[in-house]
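Here's the structure, in structure tokens; my notes come after.
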Amino acid sequence: MGNTLTNLTYSLIVQDPRGAVTNAVCALTSLRFTRMCVAQGLEPPDSNPEHSTAQYFHDEAFFQLASGKQTKGCHDESDVLAAIYLICYSQMSGQTDWQPLLTIAIDWIAQTGLTTDENPKLTI
């Protein structure tokens, strides 16, 4: 599963280097890097986390997801993956804005028909 997710993420980043998946991954990795530096005593905690690089990437991805549905009419696989990465970011940063992101994933699952399929694994 790990390699599949890594390969999918890499593929989506290469396809759209300024897309929601790219920004969501950058948000998560930037947050992790900053947390590692603070934990190792290499830099002080951020006094304005709402203006951090990680938050910038988060906000960009969040905006792309919000406007993407209006543009495309529905969310696609890349939107769902970006939403999942942003949920991870929200959990890691202690934010509580992840519920709309979970809705993106739930809506996508519903639009695939998996929720009404007798054997969802065959649909996949």
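Checking the condition of a type in the set (Val, Ile, Thr), closer than 26 Å to Val14 by Cβ and touching a Pro at 6+ places or on another chain (Cβ under 9 Å), which residue from Thr34, Thr53, Thr71 passes?
Every option except Thr34 fails the conditions.
Can you go through Leu65, Leu86 and tell me which one is at pLDDT 80 or above, in contact with an Asp or Glu (Cβ under 9 Å, 6 or more places away or on another chain), under 20 Å from Thr6 (Cβ atoms) and not hydroxyl-bearing (Ser, Thr, Tyr)?
Leu86
Look through the range 89-108, keep the residues that are within 11 Å of the chain's Cα centre (by Cα) and either modelled with pLDDT under 90 or of a type in the set (Gly, Ala, Ser) (or both), and return whichever of them is farthest from Leu28 (Cα to Cα).
By that ranking, first place goes to Ala105.
Taking only the range 37-53 into account, find how many residues are aliphatic (A, V, I, L, M) and open to solvent by 80 Å² or more (accessible area, probe 1.4 Å).
The number of residues fulfilling the criteria is 2.
Step by step: first the residues of the range 24-55, then only those that are among the charged types (D, E, K, R) and either at pLDDT 90 or above or closer than 21 Å to Ile84 by Cβ (or both), then the one that is nearest to the chain's Cα centre (by Cα). Which residue is that?
Across the range 24-55, the extreme among qualifying residues is Arg32.
Within the range 13-23, does at least one residue satisfy the condition of being surrounded by fewer than 14 Cβ atoms within 10 Å (Cβ to Cβ), in a helix (DSSP H, G or I) and under 17 Å from the mean Cα position of the chain (by Cα)?
Within the range 13-23, one or more residues are surrounded by fewer than 14 Cβ atoms within 10 Å (Cβ to Cβ), in a helix (DSSP H, G or I) and under 17 Å from the mean Cα position of the chain (by Cα).
Looking at Tyr85, Tyr56, Tyr10, Tyr89, which one is touching a His at 6+ places or on another chain (Cβ under 8 Å) and either part of a helix (DSSP H, G or I) or surrounded by 13 or more Cβ atoms within 10 Å (Cβ to Cβ) (or both)?
Tyr89
The values are calculated or read from the model by the stated rules, or taken from the named source; none is laboratory data. Computed from a predicted structure; not experimentally measured. A quick note on method: Cβ atoms are made from the backbone with ideal geometry, for glycine too, and the neighbour counts reach across all protein chains shown. Only protein heavy atoms, including side chains, enter the accessible area calculation; ligands, DNA and RNA are left aside. Shrake-Rupley method; radii C 1.70, N 1.55, O 1.52, S 1.80 Å.
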